[in-house]
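Here is the structure we will look at, set down as structure tokens.
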Amino acid sequence: MSLRVRIAGFAGVAVCGVVLDQVTKAWARTALAGGPVTVVPGYLDLALVKNTGAAFSIGSGATWVFALLAIGIVAACTVWVVRECEMPMGLVCSLGAVAGGGVGNLIDRVVAGEVTDFFATTFADFPVFNVADIFVTCGVVLVIYLWWRWDSERQAQDAE
């Protein structure tokens, strides 16, 4: 697959992630300023939370550390997509999701010094999260699975 196609897939998913994340966070900062809203009773609320750390408020106050980590991860994803000519498009797009989510939260950290979270599960003790977190989490799971599958296929071809 050509570099142009890989970059288009990677950047397309990343940009969609950033835009969706930033639009939903802007909405949440306005719509949820008055307090939480129940979406699915007993399961999901929307509640505005400002987080200077990571999940479960780990590393609260270490905004610059998480910002540098995000920059490094986005750079690594980009380099991998650029260098690996045979990478399947699913893996390319999954890396784009990781990068897009990372950039979405990075924008918050740089602009406001904190990340806006608003999805609050009420059925389990789980951190409040946002669209960027969904992109990162789903992207990482898909990257692991698709990379494993792709690597297995390459090993099987090499063994023939």
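The values are calculated or read from the model by the stated rules, or taken from the named source; none is laboratory data. Just so you know, these numbers come straight off a predicted model, no measurement behind them. In this analysis, Cβ positions are derived from the backbone assuming ideal geometry, glycine residues included, and neighbour counts consider all displayed protein chains. Just so you know, the surface numbers come from the protein's heavy atoms only, side chains and all, with ligands and any DNA or RNA stripped out. Shrake-Rupley method; radii C 1.70, N 1.55, O 1.52, S 1.80 Å.
Side notes on the structure shown:
- Carbon plus sulfur fraction of accessible area for the chain, probe 1.4 Å, in percent: 70
- Among Thr30, Thr24, the sequence by solvent-accessible area, most first, with a 1.4 Å probe is Thr30, Thr24.
- In the complete set of protein chains, residue-level accessible area for Ser2 is approximately 60 Å², probe 1.4 angstrom.
- Cα convex hull volume per residue for region 1-44 (Å³): 70
- The mean sequence separation of alpha-carbon pairs under 8 Å and at least six residues apart, normalised by the residue count of region 35-160, gives a relative contact order of 30 percent.
- Rg(Cα) / (2.2 N^0.38 Å) computed for region 10-160, rounded to two decimals: 1.17
- Within the chain: Cβ-based charge dipole about Cα centre, in debye rounded to nearest 20 (Lys, Arg +1; Asp, Glu -1): 420
- Note on Glu153: accessible area is roughly 90 Å² with a 1.4 Å probe, heavy atoms of protein only.
- Normalised per residue, the accessible area of region 1-139 is 51 Å², obtained with a 1.4 Å probe and no contribution from ligands, DNA or RNA.
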